[in-house]
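Working notes, structure below.
Values quoted throughout were computed directly from the atomic coordinates according to the rules given, and no laboratory measurement underlies them. The structure displayed is predicted, hence computed values, not measured ones. Note: ideal-geometry Cβ built from the backbone for every residue, glycine included; neighbour counts use all protein chains shown.
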Amino acid sequence: AVKNSGRKSFRYYSRALHDAIHARLRMIRNLRKALEENQFEVYYQPIVSLKTGHITRMEALVRWIHPTQGIISPDIFIPLAEDTGLIVPIGNWIANQAIKQLSYWRKKYNPELKMAINLSPVQLRSQEFDDISWIQTLQREGFHSGAITIEITEGLLLNSETRVNHNLKMMHQAGIQIAIDDFGTGYSSLAYLRKFNIDFLKIDRSFVEDLQGVGYELCTAIIAMAHSLGLGVIAEGVETEEQKKLLIELGCDYIQGYLYSKPLPVAEIEKLLILPMHDNHSV
Ligand code: C2E
Ligand code: MG
Ligand code: MG
Ligand code: MG
């Protein structure tokens, strides 16, 4: 009987594994097709200055609008795109979209607006600076320095390779700013922040969520450290007036979160750019 149940559980797991592998293969095939068939869409979320209350920047956040499954979150498909290398063409497509969108919004609404673009470590490892197509698009636009910020994670800097170092250095020289995303969740070192010319720290949502608890001390320390190094601070995931109030007290520079707006498609986010500033949500 024991032997029997062992066999059964083996068969159960092997079936589950088999299904998982097939689901993964199917998704990889679909991901390729999604790129060919233009199923991706870039949503935008405002980043708001706590000093002026104005939208200073938008973060580009990709969505996969699957024809039958609906909207698929980047947390699901970006890791798969990274494993298969598809993140390179997908990432270039996203950045190209975001740059063109910024160019349009600058002409139409606000010549000072800026754009933040998430870059996967895989993108910075697998392409030479001169071959990155969105960099070429950016250079044709001729924006001034600081128009584009790339968001990278701490892990990239920890064991950075020669090519990553070179790419980050070239981007800095090209006037692209660098933000550390989800700051505080990985391995950080003050030395990296200097070495790689980091411009902004984005405080991870988990600390903002816990601002009434231990998050308060962490946010205090991060903001003080960032400012002493001359870096700007953006708090992610700000959902309540109370969190906003505490962040103002701590001297945080920018906030981003559902309190102001969720990430939205172009047509909807534009409504926030059209509004005269005094009509904006009172941030
Ligand atoms: P991230 O770059 O840290 O983006 C912030 C995430 O927090 C976004 O999730 C955003 O929708 C969510 N968020 C913003 N404000 C709030 C809030 O007030 N409350 C809550 N609960 N969540 C909030 P999203 O759009 O699902 O993206 C998840 C992650 O996927 C991103 O985290 C980023 O790491 C990755 N990602 C998204 N777009 C891209 C992309 O174009 N390229 C790459 N390489 N990665 C991307
Ligand atoms: Mg980000
Ligand atoms: Mg983040
Ligand atoms: Mg994140």
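Quick notes on this structure:
- Over 26 Å (Cα to Cα) - which of 100/202; 51/108; 51/100; 195/245; 107/245 fall in this group: 51/100; 195/245; 107/245
- Estimated inter-spin distance, residue 169 and residue 84, nm [label 7 Å along Cα→Cβ]: 3.5
- Prolate/oblate/rounded call for the stretch 159-283, Cα gyration tensor, a/c under 1.5 rounded: oblate
- Estimated [θ] at 222 nm from DSSP helical runs (n ≥ 4, -39500 (n - 2.57)) normalised by residues in the chain, nearest 500: -15500 deg cm²/dmol
- Between residue 273 and residue 248, full extension at 0.36 nm per residue minus the direct alpha carbon distance yields a gain of 6.7 nm.
- Pairwise FRET efficiency - residue 144 versus residue 75, Cβ, R0 = 25 Å, nearest 0.05: 0.15
- The angle between the Cα long axis of helix 74-84 and the main principal axis of the chain comes to about 70°, on a 0 to 90 degree scale.
- Measuring r between the beta carbons of residue 194 and residue 136 and using R0 = 30 Å, the FRET efficiency lands at 0.55.
- Axis angle, to the nearest 10 degrees, between helix 162-173 and the longest C-alpha principal axis of the chain: 30 degrees.
- Using alpha-carbon coordinates, inclination of helix 2-36 to the longest axis of the chain, degrees: 50
- Top of 38, 165, 197 by mean-square fluctuation, Gaussian network on the chain, Cα under 10 Å: 38
- Amide H within-cut-off set for residue 235, under 5 Å, with H built and near neighbours excluded: 203, 254, 255, 256
- Percent of beta bridges antiparallel (DSSP, the chain, rounded to nearest 5): 40
- FRET efficiency, residue 214 to residue 264 (Cβ-Cβ, R0 41 Å, nearest 0.05): 0.80
- Overall shape: oblate for the stretch 109-195, with the ratio a/c of the largest to smallest alpha carbon gyration tensor axis at 1.5 or above and b/c at least equal to a/b.
- Inter-part distance where the stretch 140-210 and the stretch 36-97 are each reduced to a Cα centre, Å: 18
- Working note: Karplus 6.51/-1.76/1.60 with θ = phi - 60° gives the stretch 47-55 the couplings 10, 10, 6, 6, 7, 9, x, 9, 6 Hz, where Gly and Pro are set to x.
- Cα gyration tensor shape of the stretch 127-168, rounded if a/c is under 1.5, else prolate or oblate by comparing a/b with b/c: oblate
- Longest DSSP-loop-exposure-free segment, GluC sites (Glu not before Pro), the chain, at most 15 other Cβ within 10 Å: 162-238
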